[in-house]
Amino acid sequence: MGKKRKGKQPESSKRAKVSKDNVEDEGDQNEVQQKWTNKQRVLIFSARGVTYGVRHLMNDLRSLIPHSKSDNKLENRDELRIINEICELKNCTKCLFFQVKKKQDAYLWISNIPHGPSAKFLIENVHTMDELKMTGNCLKGSRPIVSFDKSLTMSPHYSLLKELFTQVFSTPRNYPRSKPFVDHVFSFSLLDDRIWFRNYQIVQEDGSLAEIGPRFTLNLIRIFDGSFGGPTLFLNPNYKPPNEYRKILRNQAAMRHHVKIKAKVASKERKENREIIVDEVENVFTED
């Protein structure tokens, strides 16, 4: 018996294989397009001794920034340059570090790991989401719109801070823990030489907003060339330490106290030197 000849494959099967190959190629291209390329991560933690308000603010920022990580509190005796090593161990390229001095003055470091630049701020007017209880709300893990005031682009040091804020607060595209939705806005405004942070919900497509929280104000102290140190790039000439403000308030209170004491002494002297005029006919009609 002769061997059977192999029959030719029908054209329909060839077309099906070609279509499957095309679908696989398109799927690979989509996977490449949707690949998570921006590996930005932010480490948010604090030193020991922070107040409850700063701790709640730190937790609010962690919930609003899906590409953030947390770590144990840093000992006060440790140098700040150790934070660079901690960030490298956590695979983080940005850092938000909170400090509190004298149990009342809160400071914030924003740094680009490991080569800088970094900036130090004094945190003022802190109001957390639990404290405000605003009507706005947003989906946890959603991507925000980072909005900046026009005045933040007028000077070089504010332009540098704008780029630093953009890299820290903007969620990388296709980040695994983020949601593919944009439903809130991070607003940075400049007023009275301070940067005001607000978080708003996008209620409707026409641009109506509702505030979510938290609120805080950043008073710039200094910008460094390196991460948590190095040469000074900018020093704020309008910055006054909190100790000077408290000293001015104490002096004003002391002046008010001295004014009150002088007023009491003058009133007592006037009463002692007052001459009492006796009326001769005052007791004419009084009965004995």
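Computed over protein heavy atoms with a 1.4 Å probe, the accessible surface of the chain works out to 68 Å² per residue. Extents of the chain, taken as max minus min of Cα coordinates on every principal axis and listed largest first, are 165, 50, 37 Å. About the centre of its Cα atoms, the chain shows a dipole size close to 2380 debye [charges on the beta carbon of Lys, Arg (+1) and Asp, Glu (-1) only; nearest 20 debye].
So if we plug the beta-carbon distance of Asn236 and Asp105 into 1/(1 + (r/R0)^6) with R0 = 22 Å, what FRET efficiency do we get, rounded to 0.05? Efficiency computed from Cβ-Cβ geometry: 0.90. Our summary of shape: the Cα atoms of the stretch 247-288 have principal axis extents of 65, 18, 11 Å, ordered from largest down, in whole angstrom. Atom-type composition of the exposed protein surface of the chain places 51 percent of the accessible area on carbon and sulfur (1.4 angstrom probe). Stretching the chain fully between Glu163 and Asn125 yields a gain of 11.3 nm (0.36 nm per residue, less the alpha carbon separation). What the phi angles of the stretch 242-247 give under the Karplus curve with 6.51, -1.76 and 1.60, with θ = phi - 60°, is a coupling list of x, 4, 5, 4, 5, 5 Hz, glycine and proline written as x. The three principal axes of the C-alpha atoms in the stretch 114-229 carry coordinate ranges of 40, 33, 27 Å, sorted with the longest axis first.
Using C-alpha pairs below 8 Å separated by at least 6 residues, the relative contact order for the stretch 42-109 is 48 percent. Once the Cα-Cα distance is subtracted from the 0.36 nm per residue extended length, the Asn273 to Arg173 segment shows a gain of 27.6 nm. Loop sites only, by DSSP: take the trypsin sites (Lys or Arg not before Pro) in the chain that have at most 11 other C-beta atoms within 10 Å and name the longest stretch containing none of them. For trypsin sites (Lys or Arg not before Pro) (loop position, at most 11 other Cβ atoms within 10 Å), the longest site-free span of the chain is 178-273. Full extension of the segment from Glu88 to Asp206, taken as 0.36 nm per residue of separation minus the current Cα-Cα distance, would add 38.2 nm.
Taking the DSSP bridge list for the chain and keeping only pairs wholly inside it, about 75 percent are antiparallel.
Annotation: the stretch 218-257 has a Kirkwood hydrodynamic radius of 12.3 angstrom, from the mean reciprocal C-alpha pair distance.
The values are calculated or read from the model by the stated rules, or taken from the named source; none is laboratory data. The shown structure was predicted, so the numbers you read here are calculated from the model rather than taken from an experiment. We place every Cβ from the backbone using ideal geometry, glycine too, and count neighbours over all the protein chains shown. Each accessible area value is taken on the protein alone, full model and side chains, heavy atoms only, with ligands, DNA and RNA left out. Shrake-Rupley method; radii C 1.70, N 1.55, O 1.52, S 1.80 Å.
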